[in-house]
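> Structure below; questions to follow.
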Amino acid sequence: MSTPTRTPGVAEHADRLWDAVTTGDEYAAGDVVVRALEDGADPESLLLDVIGAVQRKVGLEWAANRLTVAQEHAATAINDRVIATFGYVLKRPEPHLGRVTVACVDGEWHAMPARLLSEVLRLRGFGVDYLGAQVPAQHLVAHLHRTGPDAVALSGSIATRLPTAHATITACQAAATPVIAGGAAFGPDGRYARLLGAEAWAPDARAAADRLAEPLPRPHTGHQPIDDLPHLADQEYTLVSRGSGRLVKAVLAGLEERIPAMRAYTDLQRQHTAEDVAHIVEFLATALYVGDEELFTGFLTWTAGILTARGVPAASLVPALELLEAELRDFPRATGLLRAARTGLAA
């Protein structure tokens, strides 16, 4: 008697896809998905529980310094091309659930979450306009006027794009189009989506598709972004963001005085240090914008983990924070955030 053939499960598909993308084998990666679809695997589960899960693991492995930047980029590119195979293997349902524009915030290059959402929405019967990474607000609004979708799904992974996301949400609402926000930038509980006035938030693609099955509330028009964030009246965000270049230079000069070994840095080492300081200033400005200490302290904790994985002591962040605090001594909210971050790193 012959042994029945066992159909691989989600975990096995994910393991096979992981092996393919981390060895740069695009054809093997495509075979994993095509064969799974031919065997009757659920397309939505393949998208989210296989491709999406592998993509999340790619990010985690990069953070743990077990994948290089080049490997991370190659794996992401292969996953993106694998998603395209769905259109050749599956018969797409006719759109019957309305039209959604899916776009990333301007300056946001992490397009995979938005791409996965677009495919899930298509599978469920939505008409989808997928605009991809970093879509300027003015071009997005022009598209809305031309196509008249029922909603915009706005994706953001990097929190420093939240001020831009706020302006984009307001612009979409002025065009009478409601916004559902998603992605890590909006917080694990969606707090920044609510703060910035989005009509809805979803923690993942399934939840977003479920929410979009019912009409979103019509947007309230006629208000300005400052109406949502009255704390911006103190001008700290504006002054810190506009003075970021000066702040970075001042911190770098102070670090060279405190750490004489920096004077022997190569140009590349100086460039990386300047980029690290610039990121700290950018996240500080964003935390001032949304008025949330956790955004800044969370970023510093994450950065400390990244440095530790690469053999750099997390304590190396403290001098930069101290120098920034001295430069911003007349900014009470900023100095409060910097003190809280230093306390968190010392814990």
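> Which pairs turn up if I take residues in the range 317-344 that are surrounded by 15 or more Cβ atoms within 10 Å (Cβ to Cβ) and look for partners that are among the polar types (S, T, N, Q) with beta carbon separation below 8 Å, at least 6 apart in sequence or on another chain?
The qualifying pairs are Leu317/Thr303; Glu325/Thr335; Leu328/Thr335; Leu337/Thr297; Ala340/Thr297; Ala341/Thr297; Gly344/Thr297; Gly344/Thr301.
> Follow-up. Take the conditions more than 19 Å from Gly127 (Cα to Cα) and either in a helix (DSSP H, G or I) or of a type in the set (A, V, I, L, M) (or both) and apply them to His145. Does it pass? Write out each step before concluding.
Details: more than 19 Å from Gly127 (Cα to Cα): no; either in a helix (DSSP H, G or I) or of a type in the set (A, V, I, L, M) (or both): yes.
Criteria not met by His145.
> Filter the range 172-204 for residues that are of a type in the set (Gly, Ala, Ser), over 14 Å from the mean Cα position of the chain (by Cα) and crowded, with 16+ Cβ neighbours inside 10 Å and give the result.
At the first step, the residues of the range 172-204 found to be of a type in the set (Gly, Ala, Ser) are 174-176, 181-185, 187, 190, 193, 197-198, 200, 202.
Add one more test, that the residue is over 14 Å from the mean Cα position of the chain (by Cα), and what stays is 174-176, 197-198, 200.
Scanning the range 172-204 gives Ala175, Gly197, Ala198, Ala200.
> For the range 189-208, give me each residue that is outside any strand (DSSP E or B) and in contact with a Lys or Arg (Cβ under 7 Å, 6 or more places away or on another chain). Can you show your working first?
So in the range 189-208, the residues outside any strand (DSSP E or B) come out as 189-199, 202-208.
Scanning the range 189-208 gives a single hit, Ala202.
> Could you please find all residues in the range 217-240 being at pLDDT below 90, open to solvent by less than 50 Å² (accessible area, probe 1.4 Å) and part of a helix (DSSP H, G or I)?
Hits for the range 217-240 are Pro225, Asp228.
> Would you check if there is a residue in the range 326-335 being of a type outside the set (S, T, N, Q), modelled with pLDDT under 95 and more than 20 Å from Pro163 (Cβ to Cβ)? Let's see the steps before the verdict.
Step one: list which residues in the range 326-335 are of a type outside the set (S, T, N, Q), which gives 326-334.
If we keep only those that are modelled with pLDDT under 95 too, we end up with none.
No, the range 326-335 has no match at all.
> Among the residues of the range 160-188, count how many are outside any helix (DSSP H, G or I), more than 14 Å from Glu108 (Cα to Cα) and in contact with a helix residue (DSSP H, G or I) (Cβ under 7 Å, 6 or more places away or on another chain).
Of the residues in the range 160-188, 4 are outside any helix (DSSP H, G or I), more than 14 Å from Glu108 (Cα to Cα) and in contact with a helix residue (DSSP H, G or I) (Cβ under 7 Å, 6 or more places away or on another chain).
> Can you name every residue in the range 249-277 that is open to solvent by less than 40 Å² (accessible area, probe 1.4 Å) and in contact with an Asp or Glu (Cβ under 9 Å, 6 or more places away or on another chain)?
Hits for the range 249-277 are Ala250, Val251, Gly254, Met262.
The values are calculated or read from the model by the stated rules, or taken from the named source; none is laboratory data. Model, not experiment: these values are computed from the prediction. Backbone-built Cβ (ideal geometry, glycine too); neighbour counts: all protein chains shown. These accessible areas exclude ligands, DNA and RNA; they are computed on the full protein's heavy atoms, side chains included. Shrake-Rupley method; radii C 1.70, N 1.55, O 1.52, S 1.80 Å.
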